[in-house]
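Chemist: One structure is given below, represented as structure tokens, and several questions about it will come after.
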Amino acid sequence: MASFRVTEQLARASARRPWIVVGLWVVLFLAGGFLATGIGDVLTTEFALTNEPESVKADQLLEERLRGPEQARELVIVGSTSATVDDAEFQAFVDGLLAEIRGLDGVVEGATSFYETGDERLVSTGRDKTLLPVVIAGDIEDASDNVEPLVGLVEEANGREGFEVLTAGFGSISRTFNEASEEDLQQGELIALPIALLILLLVFGAAVAAGIPIILAVLAIVVATGTAALIGQAFELSFLVVNMITMIGLALGIDYSLFIVHRFREERRNGLVKEEAIARAGATASRAVLFSGGAVIVGLMGLFIVPTNIYRSLATGAIVVAIFAVLAALTLLPAVLSLLGDRINALRLPLSRRGRSAGDEGGFWGWVATVVMTHPVISAVVTVVFLLAVAAPLVTINLGLAGVSTLPEDTESRRAFETLDNDFSAGLISPAEIVVDAGDVGSQPVQRGIDDLLAALDEDEMFSAATVETNEAGDLALVSALIVGDPDADAAHDAIKRLRSEHIPAAFAGVDADVLVTGVTAQTEDMFDVIRTYMPIVFGFVLGLSFLLLLVVFRSLVVPAKALIMNLLSVGAAYGLLVLVFQHGVGNEIFGFQRTETIEAWLPLFLFAFLFGLSMDYHVFLLSRIRERFDQTGDNAASVAFGVRSTAGIITGAALIMVAVFSGFAMGDTVSLQQIGFGMAVAVILDATIIRSVLVPASMQLLGDLNWYLPSWLHWLPDIRVEGGGVPKARPAAAAADVMLADGGE
């Protein structure tokens, strides 16, 4: 067997020099906290594509040959219930507000009103509302930061003299999404941490043992956030990255610490002295943590293949926090255990009982293992049928993006958007932009094409108020058309598809010109195309690397093949429940979730990559205990039963903690976080219960020794066992006096 004792050696080294290790982590924590204060400067709400689809090429042409870098624009809405734009008091209020807006030096580059331009498009049909177009300084990427003074001014003016004042635009809407995300983050922490602590108290029965995993998770989160702020200096990260770091950091950090502390306490009960118990935990649980963390990272690495900043950001945040969670578990935790020793069991709960021996054949999970392995065919068939049935709604999935209409109803951006949609056109925020690139846009064929396109847009009920603009060189034209309703709604995306596949080809048939479509909706549609194109590539990458990792770890062709199939079943079931609850509205009100037309387009691929790695957690921990026993006894059935019994309590506790963390974030108001949290929570529940307690033991019982089949032509693979085995398991005589202390000093 190949020597792979890195985790054991790290555990021993950390235990022998605990204060040095703790000191290094304190420095990391302080540095991470300092750097984390700048995370807001590197975040964006923009979903950018890093390849060059049609919308990106169109934006480049507009920037280079027509308008320069795109600027953020806001539409300030002024309305009254007692006056119209034709009244002097209305005009006086608008003129005063316009002067205040123009007075925002360095913030506003330009602003105007109906009273200056006479443009009736700036007045509502009922003439009780008007728009003030405002150009924000800086480029569009900085809009959410630059717009803040204007938003503050609008909030102050709202309600003054009986007028309602709102603003809508890329900057203010992005700012609202950022604020909602931050509020959900705080709420998720407030919900998740107390529940996680309560579960840890129930699992360990001691306050000190329960508190350590949370402390290590928080430390990993702070250091990872600071690291993300550094990475963000190279490229902007999505505003969801902080939520992702916190969510994944809590889940993995607590889980990994839980498994190692549990193994340490078990080895102390088995009679090993403190340092040997730490080393034994390092050779077993820590090694499982290393490989399960590797599985998570492998799964997430596939997201870097997709050329879009949302996947790059989510993968960056999750991978960074996973790395620090693993490092903390492998180094800091052994140091802390060395300093605490049996004081890890301090502050025991009055009603807590001693931990059950790993070899105890009783208990609920022992009974479950016995029943399942007595009837393996029935257990396997029923489980697979159930999971397929739960996954069935997946066939009706409708992918999209959460638009402004999914914001909480009491947010001013949502009210401003609805006012625009009802009284003007929500498309004013994000019109469809058709770029015509030709040598001479004034030529008869090109002009005929533009005229035919305008006629087609006029007949399409989803477009309105089309205008044409030409650059000074006369070789580029821009046709802008407002899209009716929410630019992220299904109808808007259908309109862009018609524009590209029907209206433009028909209008410019035989014309020597490149016609490209951009705008918010077109950019999102291009992102959907990218996701559809790269999804099979990511699936193949993640499945292939996961198979290779498990093949090396367990030296079996059957184990990784089964693991992949089971993970696909649990992920598919999570998809199905996601569609059922959010898209079809079955039980969404029970959970307090919004019913939406769509599932976030980027979510299924992210969930697959992350959950595929995350579900390896329980597989690795369970199978490592089974393999450890099998190597000792050679009895497959007894080893499976032992593995299920010995890991059941700790895996259940770990799963409940993950569910608590993910559910806490799902309770927020941001639809994307609701869907992420719910999808992850149900996947973990399914994986830790049905998959782990029924399907794994049933399939292993059916296959018997075939589970560990490795053809002779693969015997050259390194034998890197997760379960270790380099540390003696016999009870040293020196431990006889303090073995009782390992369970709380009783």
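The values are calculated or read from the model by the stated rules, or taken from the named source; none is laboratory data. Bear in mind the structure is a predicted one, so any value in this text is a computation, not a measurement. As a convention, Cβ positions derive from the backbone with ideal geometry for all residues, glycine included, and neighbour counts pool all protein chains shown.
Chemist: Assess whether Leu564 counts as being closer than 22 Å to Leu702 by Cβ and under 22 Å from the mean Cα position of the chain (by Cα). Reasoning before the result, please.
Modeler: Values: closer than 22 Å to Leu702 by Cβ: yes; under 22 Å from the mean Cα position of the chain (by Cα): yes.
The answer is yes for Leu564.
Chemist: Within segment 129-150, track down each residue that is in a helix (DSSP H, G or I), surrounded by 21 or more Cβ atoms within 10 Å (Cβ to Cβ) and among the hydrophobic types (A, V, I, L, M, F, W, C).
Modeler: Result: Ala143, Leu150.
Chemist: Which number in (1) modelled with pLDDT of 90 or more; (2) β-branched (Val, Ile, Thr); (3) surrounded by 24 or more Cβ atoms within 10 Å (Cβ to Cβ) marks the one condition that Val296 misses?
Modeler: (1)
Chemist: Is it true that Glu155 is part of a helix (DSSP H, G or I) and either at pLDDT below 80 or under 20 Å from Val520 (Cβ atoms) (or both)?
Modeler: No; evaluated as a whole, the condition is false for this residue.
Chemist: Please go through (1) in contact with an Asp or Glu (Cβ under 9 Å, 6 or more places away or on another chain); (2) surrounded by fewer than 21 Cβ atoms within 10 Å (Cβ to Cβ); (3) hydrophobic (A, V, I, L, M, F, W, C) for Phe591 and return the number of the only condition it doesn't satisfy.
Modeler: (1)
Okay, residues lined up against (1) more than 17 Å from Thr652 (Cβ to Cβ); (2) touching a Ser or Thr at 6+ places or on another chain (Cβ under 7 Å); (3) not in a strand (DSSP E or B):
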| residue | (1), (2), (3) |
| --- | --- |
| Glu589 | yes, no, yes |
| Phe593 | yes, no, yes |
| Thr596 | yes, yes, yes |
| Phe608 | yes, no, yes |
| Phe612 | yes, yes, yes |
| Ser615 | no, yes, yes |
| Leu622 | no, yes, yes |
| Arg627 | yes, no, yes |
| Phe630 | yes, yes, yes |
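Chemist: Still on this model: Of all helices (runs of 4 or more DSSP H) completely enclosed by segment 255-330, which ones contain at least 1 residues that are under 30 Å from Phe239 (Cα atoms) and hydrophobic (A, V, I, L, M, F, W, C)?
Modeler: 285-301, 309-327
Chemist: Can I ask one more? For Ile199, only one of the following conditions fails: (1) closer than 18 Å to Ser624 by Cα; (2) touching a residue at least 60 places away in the same chain (Cβ under 8 Å). What is its number?
Modeler: Among (1) closer than 18 Å to Ser624 by Cα; (2) touching a residue at least 60 places away in the same chain (Cβ under 8 Å), Ile199 violates only (1).
Chemist: Let me ask you something else. Can you tell me which condition Gly363 does not meet? The list is (1) modelled with pLDDT under 85; (2) surrounded by fewer than 19 Cβ atoms within 10 Å (Cβ to Cβ); (3) under 30 Å from Ala143 (Cβ atoms), and all the others hold.
Modeler: (3)
Chemist: Also: Can you pull out every residue in segment 661-670 that is of a type in the set (A, V, I, L, M) and surrounded by fewer than 24 Cβ atoms within 10 Å (Cβ to Cβ)?
Modeler: If the condition is that a residue be of a type in the set (A, V, I, L, M) and surrounded by fewer than 24 Cβ atoms within 10 Å (Cβ to Cβ), then Met667 is the only one that fits.
Chemist: Just to verify a result, which residue in segment 169-193, among those that are more than 22 Å from the chain's Cα centre (by Cα) and part of a helix (DSSP H, G or I), is nearest to Arg415 (Cα to Cα)?
Modeler: Ser172
Chemist: In segment 228-237, is there at least one residue being surrounded by 24 or more Cβ atoms within 10 Å (Cβ to Cβ) and either assigned to a helix (DSSP H, G or I) or among the aromatic types (Phe, Trp, Tyr) (or both)?
Modeler: There is at least one residue in segment 228-237 that is surrounded by 24 or more Cβ atoms within 10 Å (Cβ to Cβ) and either assigned to a helix (DSSP H, G or I) or among the aromatic types (Phe, Trp, Tyr) (or both).
Chemist: Here's something else I'd like to know. Check Val26, Val76, Val21 and return the single one that is in a helix (DSSP H, G or I), in contact with a Leu (Cβ under 8 Å, 6 or more places away or on another chain) and farther than 30 Å from Leu476 by Cβ. Walk me through how you get there before you give the answer.
Modeler: On the way: Val26 fails: in contact with a Leu (Cβ under 8 Å, 6 or more places away or on another chain); Val76 fails: in a helix (DSSP H, G or I).
Unique residue meeting the criteria: Val21.
Chemist: Only one of (1) of a type outside the set (Phe, Trp, Tyr); (2) more than 29 Å from Ile195 (Cβ to Cβ); (3) modelled with pLDDT of 85 or more is not met by Glu236, so which one is it?
Modeler: Just one mismatch for Glu236, condition (3).
Chemist: Related question: Hey, could you check segment 29-39 for residues that are assigned to a helix (DSSP H, G or I) and touching a residue at least 60 places away in the same chain (Cβ under 8 Å) and say which is nearest to Ile140 (Cα to Cα)?
Modeler: If we take residues in segment 29-39 being assigned to a helix (DSSP H, G or I) and touching a residue at least 60 places away in the same chain (Cβ under 8 Å), then Ile39 is nearest to Ile140 (Cα to Cα).
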